[in-house]
Amino acid sequence: PGLHDHVAMLDSLARKHDVTGRVIFVDGGVLADMLRKTNGVITVNSTAGLTAVEFGRPTITLGRAIYDMPGLTFQGSIDRFWTRASRPDEELYAAFRREVIARTQINGSFWTPEGITLALEVAIPRLLKGAVAARPAEGTASPFPELETARAVAR
């Protein structure tokens, strides 16, 4: 159990705003099955929100999220979300995903000698260089120009 009773808080807010029949708190289940049946997702900052973007569902984040940017999530008010939100840009999502993978993931495995060697060949140089999230060299073009454009717009 968490530190906050989110269910009670959500129920209270839903009653206050007269939307009790339209608000549910989901704590478990098969996310992919739920997303296939949704018209959109409202989240604070959750992996579920990023998965909703991957599934092409209109998504709004109410907190800070690495994926909260124009083209991926709705940038307007929650009041306008259900009438103005659009599906995430598939190409931007693909570029975002590539960027996150390139900067944060290391291929390999903990379970086989080959996997350990593969991981160490990349991890050790990054750690020694102090560049775990490697970036393009200064003055070079980004390999993900559409992502850089989205970042600039988001600032």
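The values are calculated or read from the model by the stated rules, or taken from the named source; none is laboratory data. Predicted model only: the values in this text are computed from it and were never measured. For neighbour counting, all protein chains shown are included, and Cβ atoms are generated from backbone atoms with ideal geometry for every residue, glycine included.
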If you take the residues of the range 66-93 that are outside any loop (DSSP other than H, G, I, E, B) and acidic (Asp, Glu), which of them is nearest to LEU35 (Cα to Cα)?
GLU90
Going through the range 66-84 in order, the residues found to be touching a Lys or Arg at 6+ places or on another chain (Cβ under 9 Å) and either buried (at least 17 other Cβ atoms within 10 Å of the Cβ) or of a type in the set (D, E, K, R) (or both) are MET69, PHE74
Test PHE96 against the stated conditions and say whether it is among the aromatic types (Phe, Trp, Tyr), within 20 Å of ARG36 (Cα to Cα) and either at pLDDT below 95 or surrounded by 12 or more Cβ atoms within 10 Å (Cβ to Cβ) (or both).
no
Which residue pairs have Cβ atoms closer than 7 Å, lie 6 or more positions apart in sequence or on different chains, and pair a first residue in the range 74-90 that is assigned by TED's automatic domain parsing to the domain that holds GLU54 with a second residue that is among the small types (Gly, Ala, Ser) and exposed (fewer than 13 other Cβ atoms within 10 Å of the Cβ)?
ARG84/GLY76
I'd like the residue in the range 24-67 that is acidic (Asp, Glu) and free of Cβ contacts under 8 Å to residues at least 24 places away in the same chain and, out of all such residues, is farthest from TYR93 (Cα to Cα).
ASP27
